[in-house]
1. Can you tell me which residues in segment B:140-166 are out of contact with any helix residue (DSSP H, G or I) (no Cβ under 8 Å at 6 or more places or on another chain) and in a helix (DSSP H, G or I)?
2. Filtering segment A:149-166 down to residues that are away from every other protein chain (no Cβ under 14 Å) and open to solvent by less than 80 Å² (accessible area, probe 1.4 Å), which residue is nearest to residue A:29 (Cα to Cα)?
3. Can you tell which of B:105, B:98, B:94 is part of a loop (DSSP other than H, G, I, E, B), open to solvent by less than 50 Å² (accessible area, probe 1.4 Å) and under 15 Å from residue B:8 (Cα atoms)?
4. When you scan segment A:167-188, how many residues do you find that are surrounded by fewer than 23 Cβ atoms within 10 Å (Cβ to Cβ), over 13 Å from residue B:65 (Cβ atoms) and under 15 Å from the mean Cα position of the chain (by Cα)?
5. Any idea which of (1) touching a strand residue (DSSP E or B) at 6+ places or on another chain (Cβ under 7 Å); (2) farther than 23 Å from residue B:71 by Cβ; (3) of a type in the set (D, E, K, R) is the one residue A:160 doesn't satisfy?
6. Out of all the residues in segment B:156-171, is one or more within 30 Å of residue A:174 (Cα to Cα), modelled with pLDDT of 95 or more and among the hydrophobic types (A, V, I, L, M, F, W, C)?
7. Any idea how many residues of segment B:1-21 are surrounded by 19 or more Cβ atoms within 10 Å (Cβ to Cβ), among the charged types (D, E, K, R) and assigned to a helix (DSSP H, G or I)?
There are 2 protein chains.
Amino acid sequence: MIDFWFELGSNYSYLSVMRIEELARRAGVAIRWQPFLLGPIFASFGWETSPFVLQKEKGAYVWKDMVRQCKKYGLAWKQPTVFPRRAVLPTRVALYAAEKPWIGAFCKAVMLKNFAADDDIDAEESVRAVLDALQLPAAEILREAQSAEQRSQLRAQTEKAKALGIFGAPMFFVKQEMYWGNDRLEDALASLGEA
Amino acid sequence: MIDFWFELGSNYSYLSVMRIEELARRAGVAIRWQPFLLGPIFASFGWETSPFVLQKEKGAYVWKDMVRQCKKYGLAWKQPTVFPRRAVLPTRVALYAAEKPWIGAFCKAVMLKNFAADDDIDAEESVRAVLDALQLPAAEILREAQSAEQRSQLRAQTEKAKALGIFGAPMFFVKQEMYWGNDRLEDALASLGEA
């Protein structure tokens, strides 16, 4: 079992969302999907936005790195004109769907919308378009995902992330062991083979 | 040709200093050693010390990551009780020796002192011990490395790092392409094969 903490507006989470299912399948490891919002985490550090925006030099580097990383992994890439994109509604849907069979397909579709189509992911019509394309009952899902109970679940998810010491995304947990970043996905999965 | 920018007090630079010679040899790539000081770079961002010290959560993670990374690469590891260690004198020596045949051996020895022996690296007696162990003329090297000319060279190296947009270490350059972090060493070398 691997806990996969990711944020739908995070570019390095994009790489892992696209890769984790195949890698975990090959390793025989089950994925526990843990969508969360980085905004409140960054806010708790006193940051108003992503460090890639706050730190000019690092930000400039990240977009060059993403071009090379996507080429390496064979993933589509278009630098988003809005970054980081707000992802509250799709995160509510992802948290609602965390144990449903379509969680992976949904997250991949949202990520592609953000990082390959350079398109909004937070408006209700954006999320509905994704659900429609997956032939899922969009109206019902959107209603459920925006219920008071689900809103409270997302707030609890943020608190859980803070309590775990999560400071960025993607973040993987194998039992108590924390692995940070897409670059550690293989190491995290390999650690389960060694155990 | 790969430009290898590293700081002798940086733990992730330790991983690359220990690995780069063998990897570059296998890839048939020459290394241009570019020792530099991160302190003035961080200061230019308004930081008093390493982000691993300034950001508690990330700092706690880094030491766990280092244990796993060193195990993966088969490197010795002992978490330094002083971090980041001041490395001005050994950096002066490294810059003086950048094109000498003993540059790799010297940097490895300093890194092992810092990250495997948890020992000071900045005092003159510390650097002399490293040079003596390598059977190098310590007195002459220490005199040369501390000359006015070498001091001015190190200041110029800092300005060059800033001009290149370097914001952390290790940093690799393949022509104009910047690669950040020990995790990108293999990618940087592979890019030379593709070119």
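The values are calculated or read from the model by the stated rules, or taken from the named source; none is laboratory data. Only a predicted model underlies this, so the values are computations on that prediction, with no experimental measurement involved. Cβ atoms come from the backbone with ideal geometry, glycine included; neighbour counts cover every protein chain shown. These accessible areas exclude ligands, DNA and RNA; they are computed on the full protein's heavy atoms, side chains included. Shrake-Rupley method; radii C 1.70, N 1.55, O 1.52, S 1.80 Å.
1. In the first step, residues of segment B:140-166 are kept if they are out of contact with any helix residue (DSSP H, G or I) (no Cβ under 8 Å at 6 or more places or on another chain); the result is B:140, B:143, B:147-149, B:152, B:155-156, B:159-160, B:163-164.
Listed by number, the residues that qualify are B:140, B:143, B:148, B:149, B:152, B:155, B:156, B:159, B:160, B:163.
2. So in segment A:149-166, the residues away from every other protein chain (no Cβ under 14 Å) come out as A:149-160.
Then drop every residue that is not open to solvent by less than 80 Å² (accessible area, probe 1.4 Å), which leaves A:150, A:152, A:154, A:156-158.
Working: A:150: 27, A:152: 29, A:154: 25, A:156: 26, A:157: 23, A:158: 25 Å.
The residue in question is A:157.
3. Working: B:105 fails: part of a loop (DSSP other than H, G, I, E, B); B:94 fails: part of a loop (DSSP other than H, G, I, E, B).
Result: B:98 is the single residue among B:105, B:98, B:94 that is part of a loop (DSSP other than H, G, I, E, B), open to solvent by less than 50 Å² (accessible area, probe 1.4 Å) and under 15 Å from residue B:8 (Cα atoms).
4. 2
5. Of everything listed in (1) touching a strand residue (DSSP E or B) at 6+ places or on another chain (Cβ under 7 Å); (2) farther than 23 Å from residue B:71 by Cβ; (3) of a type in the set (D, E, K, R), residue A:160 misses just condition (1).
6. Looking for residues that are within 30 Å of residue A:174 (Cα to Cα), modelled with pLDDT of 95 or more and among the hydrophobic types (A, V, I, L, M, F, W, C), one finds at least one in segment B:156-171, hence yes.
7. Looking only at that region, the number is 0.
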